[in-house]
1. Which of the helices (runs of 4 or more DSSP H) contained wholly in segment 246-342 include at least 3 residues that are among the small types (Gly, Ala, Ser)?
2. Identify the residue in segment 255-271 that is β-branched (Val, Ile, Thr) and in contact with a Leu (Cβ under 8 Å, 6 or more places away or on another chain) and, among all such residues, is farthest from the ligand (Cβ to nearest atom).
3. Residues 212, 185: which one is within 28 Å of the chain's Cα centre (by Cα), surrounded by fewer than 24 Cβ atoms within 10 Å (Cβ to Cβ) and of a type outside the set (Asp, Glu)?
4. Starting from residues that are on the phi < 0 side of the Ramachandran plot and part of a loop (DSSP other than H, G, I, E, B), keep the ones in segment 126-150 and report whichever is surrounded by the fewest Cβ atoms within 10 Å (Cβ to Cβ).
5. Given the options 252, 222, name the one that is farther than 18 Å from residue 154 by Cα, within 14 Å of the ligand (Cβ to nearest atom), in contact with a strand residue (DSSP E or B) (Cβ under 9 Å, 6 or more places away or on another chain) and not β-branched (Val, Ile, Thr).
6. So how many residues does segment 48-72 have that are closer than 30 Å to residue 170 by Cα and either surrounded by fewer than 24 Cβ atoms within 10 Å (Cβ to Cβ) or aliphatic (A, V, I, L, M) (or both)?
7. Restricted to segment 122-145, and to residues that are near the ligand (Cβ under 10 Å from one of its atoms) and of a type in the set (Gly, Ala, Ser), which residue is nearest to the chain's Cα centre (by Cα)?
8. Looking only at segment 20-45, which residues are out of contact with any strand residue (DSSP E or B) (no Cβ under 9 Å at 6 or more places or on another chain) and assigned to a loop (DSSP other than H, G, I, E, B)?
Amino acid sequence: MRIGILTGGGDCPGLNPVIRAVVRRAMIAGHQVIGVKNGWKGMVENDTMSLTLESVSGILLKGGTILGTSRTNPYKKEGDVEKVKENFKKMGLDALVAVGGEDTLGVASKLVKDGLSNIVGVPKTIDNDLSATDYTFGFDTAINIAMECIDRLRTTAESHHRIMVAEVMGRHAGWIALEAGIAGGADMILIPEIPIDIEEVCDILKNKRERGKLFSIVVVAEGAQFKETGMILQEKKLDAFGHVRLGGIGEELGQLIEKNTGYETRVSVLGHIQRGGSPTAFDRVLGTRLGVKAVELVLNKRFGKMVALQGVKIVDVPLEEAVKALKTVDMELYDIAKVFFG
Ligand code: F6P
């Protein structure tokens, strides 16, 4: 068999462990793997690279993806889906492993319905917002980086008796804010799932100060919105999947906190730092397990599926199930975080 692999959408730590695992597992079974460069763009443009045991040696610990990535959507431009199908044949592929989030896997799911059936999906995203899998790799690394940043913000906040606002990624789900915030001992965690009530936020911060605690850490998810004014959009340009680029809520929030409380406030936007660098052990192991299982699905001709972590087991689910709804935060976990607010 000749198996293709692509990585699409925003990169994240753990992609290289998947690529390595796919190559190793396929080669053990006597099959060949080729890398499709830059996500669906490589399928549209017939852009590939060879993958050998040598080329995947030593990549386990590297962040990003050796294949490159893009946010190309072949359903956006007339004729691109046909090019994907033609190039699948030209590349001599028997199967394709698509590693991505809701957009990349959404394309995979549509292609399966449109007749390119030999596709298996592997879920990735730092946002952890994919249904049908308990965790996506990349998330654990992102929350550990965010937690370390929050720890660092805490010592300077404490010295200056300031409010520190940390804006984290996560798109329209608050997973990164919630888990990094709990781990970092945040005084307030603001997530897209619950509109921000600025008066309530300021009251909590004031109460804390009146108790003699002279600094606070507020973690806000980039997708959070004010109850009154809604979402802050940094720029209204949309990507090929119709997503706006989020960001800016931290600054807006910081200004309102300072104005309403009189406490000196600073804002840090953690940004792409959360997505870079070496994967944690959890993400290396999860990526490795998913990569091996993806090849096993291919070998058993179980196409149109996505590998997923459910509990402690790797299972497979229909691709469409994985992309049908955004997985937003578990409110029971948010209630636990609230115990520590203020
Ligand atoms: O989906 C992953 C993610 O990092 C989001 O958390 C964030 O909103 C977005 O990608 C940023 O995208 P880009 O890398 O295109 O700026």
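Just so it is clear, none of the values below were taken in a lab; they were calculated from the coordinates. Note that the coordinates shown come from a computational prediction; the quantities given were computed from them, not determined experimentally. Counting neighbours? That spans all protein chains shown, and the Cβs are built from the backbone with ideal geometry, glycine included.
1. Because the criterion is at least 3 residues that are among the small types (Gly, Ala, Ser), the helices (runs of 4 or more DSSP H) in segment 246-342 that meet it are 281-299.
2. The residue in question is 261.
3. 185
4. 134
5. 222 is the lone residue from the list that is farther than 18 Å from residue 154 by Cα, within 14 Å of the ligand (Cβ to nearest atom), in contact with a strand residue (DSSP E or B) (Cβ under 9 Å, 6 or more places away or on another chain) and not β-branched (Val, Ile, Thr).
6. Residues that pass the stated criteria total 13.
7. For segment 122-145, the residue satisfying everything is 138.
8. Passing the criteria: 29, 30.
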